[in-house]
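I have placed the structure first, in the form of structure tokens, so that the comments after it can refer back to it.
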Amino acid sequence: MRLKRTGYIQRYIAKHSVATLLVLVCAQICQGNSKVREPDSCGAVPTEQQIRWHRMEWYAFVHFGLNTYTGKEWGYGNESPALFNPAHFDADSVVKMCKQAGMKGLIFTAKHHDGFCMWPTRSTPHSISASPWRNGRGDVVADFSDACRQNGLLFGVYLSPWDRNNAHYGRREYLKVYEDQIREILTNYGSIFEIWFDGANGGDGFYGGSNEIRNIGEADTYYNYRHIVTLVRKLKPNCIIWGAEKRGDVMWGGSERGDVQYPLWNVVPETFGSPQEKWLSIEGDTKINEAGWFWHEGQDVLVKSPAQLMQTYFDSVGRGANLILNIALNKQGQVDTADCAVLRAFGEMRRQLLANDYALHASAQASEVRGQSEEFAATKVTDGDLESYWCPEDGTTRGCWVEVRLSEPVSFDVVRVREQIRLGQRVKSFRIEAWIDERWQCVDEGGKTIGNQVLRRLDHCVTAQRVRLTILDSRACPCISEISLLKYPCEIIAEMSPRNSTPEKTSLPRDKWIARDEEAKKAWDGDANTYWQSHENSLVVDLGEDCTFRGFTYLPKQNGDPEGLTDRFTFEISLDGTTWKKVASGEFPNVRADPIPQTIFFTNRATARFFRFTGTTALQGDGASAAEILLIP
Ligand code: FUL
């Protein structure tokens, strides 16, 4: 080809003048340069690691440790390692279950706030080596990392900075202990795709027997996250850092229900002195059931339905974040049957949702194409390639559109749109229309940000042959990599979910209850959105008759306000309203981030006519509060 061309040029020179030749050469050069330039990136862009992470979409969280055996969510730090002895733990079967559901990775709680290390560490004696499991030679971190590798899932760790066991916690000496733990985890267990530096710091704890409150002030300063982040980057350059007070790559989604806010910007104004914005991806975290992160007796009746999980998927992944879904292992080290069934069913629903993209390989048109170049053509949104994208000219930030033209009408009720995030997150708002009855009709107008992807669920199923995405506003010319037309899957019922059986009676009737304070009724009106709150820390309730109960359930107020939100309590009972007996006291852990019902069982069944609930401390300010209190028969 090259040779042929050279021969042609020689013949041409012989025939024509030098001037004509010069003109021709210039034209050739210009043509060579006519490759249309890619748009400049806009604002912060994700790192290669963040891009890879976004493409994972969802993965498992596994909470397993001493709390599994004590029924606590936040161990105090004084729990005996002797408790840890799962009879049937098999990392491989847990990982296989996650893989079958379509998950791409698994993050394991190598150390939770109770300080118990689930690997044989040199940093503290409070570890799995002190447990009877496998005669002290077990290593759950190794088991999970091996099983993940063998099954093709990525492996990550949660390593709580807060350590309620360690005597040095809150002082300089602890930082060395924590750093040693990070080094061990990041050097001995192969590749780690994500490490969690959780923000929870509750204050009180065992701390080597001191049993006191230890405040650390600014977490960023105390833990020296700047140093930790540098260390992680050095040891594992590809590892995604969660948290670390925004010094990392991924940030908490803002609730432990898994949903994230929308519009969702993956960029934040840089907080550490630099005026430039930073790409900070968002992860929505939640559990497969409404109980805690760790396993709790009877949690199988609280397992979420596959459709509920699907909603959470739409509210996290479908808003541009990733989803981390927790499965708690039980005392045997296994996943409860109910959780397995729901995970399998949800996995199947998600597979169905994504199985058919009706827009794939359809033809497409756009209001304009950057430099009229094939490289940025409208068809790039239907080519199934996440890297290619449609893009208009620089400066076109409003009103441009790209239309998908199908060979025949299709029915869809979910539209997925993706931006080429390598060039930054750009789109601020958009609209989706379909050509119905010979005119464009809006089928979705609430679209705001896009980012890695948005899944827009339409109000109803639309049948059309032409679908159009109009960019209403964008920070720079939009770069749209994919448009998919999907069908919401049929609801799959998890066959073994106990939700299908009659729920057992879980609370005593509350219709005869009386309290001095009228407002108190809000704590038993059956409405989770109303609540009792008082500067007097106690609520005394007359049950109307003598009742026998095993414990109580406390629902924290749900409005997110920490003022007066009870996080430590005492619970007393009385037969006459004068003489009181304390039957329970303790903490309601994690109520700031996760205000779920807290169930407390007494040591013995109690019979009483009155109870007195006292909030001994609140997250902020004084007083006490409760959205609901139930007694468990
Ligand atoms: C929180 C912790 O306090 C919870 O116990 C749980 O581990 C959750 C994932 O993160 O901050």
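The values are calculated or read from the model by the stated rules, or taken from the named source; none is laboratory data. Model, not experiment: these values are computed from the prediction. Cβ sites come from the backbone with ideal geometry, for glycine too, and all protein chains shown count toward neighbours. These area figures cover heavy atoms from the full protein model, side chains too; ligands, DNA and RNA do not enter into them. Shrake-Rupley method; radii C 1.70, N 1.55, O 1.52, S 1.80 Å.
Can you tell which of Gly77, Gly65 is in contact with a Gly (Cβ under 6 Å, 6 or more places away or on another chain) and within 16 Å of the ligand (Cβ to nearest atom)?
Gly77
Can you run down the residue pairs with Cβ atoms below 9 Å, 6 or more apart or on separate chains, where the first is in the range 218-231 and within 16 Å of Arg171 (Cβ to Cβ) and the partner is at pLDDT 95 or above and open to solvent by 90 Å² or more (accessible area, probe 1.4 Å)?
Once the first residue is within 16 Å of Arg171 (Cβ to Cβ) and sits in the range 218-231, no partner that is at pLDDT 95 or above and open to solvent by 90 Å² or more (accessible area, probe 1.4 Å) comes close enough.
Return yes when Leu565 is open to solvent by less than 60 Å² (accessible area, probe 1.4 Å), within 16 Å of the ligand (Cβ to nearest atom), aliphatic (A, V, I, L, M) and at pLDDT 95 or above and no when it is not.
Taking the combined requirement at face value, the residue satisfies it.
For the range 164-191, give me the residue count where each residue is more than 16 Å from the ligand (Cβ to nearest atom) and open to solvent by 10 Å² or more (accessible area, probe 1.4 Å).
Total satisfying the criteria: 19.
Can you go through Ser281, Ser316 and tell me which one is within 16 Å of the ligand (Cβ to nearest atom) and either touching a helix residue (DSSP H, G or I) at 6+ places or on another chain (Cβ under 9 Å) or over 24 Å from Asn201 (Cβ atoms) (or both)?
Of Ser281, Ser316, the one residue that is within 16 Å of the ligand (Cβ to nearest atom) and either touching a helix residue (DSSP H, G or I) at 6+ places or on another chain (Cβ under 9 Å) or over 24 Å from Asn201 (Cβ atoms) (or both) is Ser316.
Could you list, in sequence order, all residues of the range 107-128 that are within 16 Å of the ligand (Cβ to nearest atom) and part of a loop (DSSP other than H, G, I, E, B)?
Selection gives His112, His113, Asp114, Gly115, Phe116, Met118.
Hey, among Glu297, Glu290, Glu256, Glu245, which residue is in contact (Cβ under 8 Å) with a residue 60 or more places away in the chain, within 16 Å of the ligand (Cβ to nearest atom) and open to solvent by 50 Å² or more (accessible area, probe 1.4 Å)?
Step by step, each of Glu297, Glu290, Glu256, Glu245 is checked, and only Glu290 is in contact (Cβ under 8 Å) with a residue 60 or more places away in the chain, within 16 Å of the ligand (Cβ to nearest atom) and open to solvent by 50 Å² or more (accessible area, probe 1.4 Å).
Of Gly544, Gly586, Gly577, Gly551, which residue is touching a residue at least 12 places away in the same chain (Cβ under 8 Å), open to solvent by less than 60 Å² (accessible area, probe 1.4 Å) and within 16 Å of the ligand (Cβ to nearest atom)?
Going through Gly544, Gly586, Gly577, Gly551 in turn, just one is touching a residue at least 12 places away in the same chain (Cβ under 8 Å), open to solvent by less than 60 Å² (accessible area, probe 1.4 Å) and within 16 Å of the ligand (Cβ to nearest atom): Gly586.
For Ser93, work out the one condition from (1) polar (S, T, N, Q); (2) within 14 Å of the ligand (Cβ to nearest atom); (3) closer than 21 Å to Ile288 by Cα it doesn't fulfil.
Failed condition: (2).
Any idea which of Val381, Val404 is within 31 Å of the chain's Cα centre (by Cα), outside the structural domain of Phe294 (by TED's automatic domain parsing) and over 30 Å from Glu290 (Cα atoms)?
Of the residues listed, the single one that is within 31 Å of the chain's Cα centre (by Cα), outside the structural domain of Phe294 (by TED's automatic domain parsing) and over 30 Å from Glu290 (Cα atoms) is Val381.
List the number of the failed condition for Trp133; all other conditions in (1) on the phi > 0 side of the Ramachandran plot; (2) more than 15 Å from the ligand (Cβ to nearest atom) hold.
Failed condition: (1).
Hey, does the range 80-90 have a residue that's on the phi > 0 side of the Ramachandran plot and open to solvent by 10 Å² or more (accessible area, probe 1.4 Å)?
There is no residue in the range 80-90 that is on the phi > 0 side of the Ramachandran plot and open to solvent by 10 Å² or more (accessible area, probe 1.4 Å).
Restricted to the range 192-208, and to residues that are part of a loop (DSSP other than H, G, I, E, B) and small (Gly, Ala, Ser), which residue is surrounded by the fewest Cβ atoms within 10 Å (Cβ to Cβ)?
Gly203
Filter the range 319-328 for residues that are out of contact with any His (no Cβ under 9 Å at 6 or more places or on another chain) and away from the ligand (no atom under 16 Å from the Cβ) and give the result.
Hit for the range 319-328 is Arg319, nothing else.
Of everything in the range 269-287, what is in contact (Cβ under 8 Å) with a residue 24 or more places away in the chain and either within 12 Å of the chain's Cα centre (by Cα) or outside any loop (DSSP other than H, G, I, E, B) (or both)? Give them in sequence order.
Listed by number, the residues that qualify are Glu277, Lys278, Trp279, Ser281, Ile282, Glu283, Gly284, Asp285, Thr286, Lys287.
Condition test on Asn211, is it crowded, with 21+ Cβ neighbours inside 10 Å, over 27 Å from Gly152 (Cα atoms), away from the ligand (no atom under 16 Å from the Cβ) and not hydroxyl-bearing (Ser, Thr, Tyr)?
Taking the combined requirement at face value, the residue does not satisfy it.
Can you pull out the strands (runs of 3 or more DSSP E) entirely within the range 358-472 that have at least 1 residues that are open to solvent by less than 60 Å² (accessible area, probe 1.4 Å) and basic (Lys, Arg)?
So the answer is 401-419.
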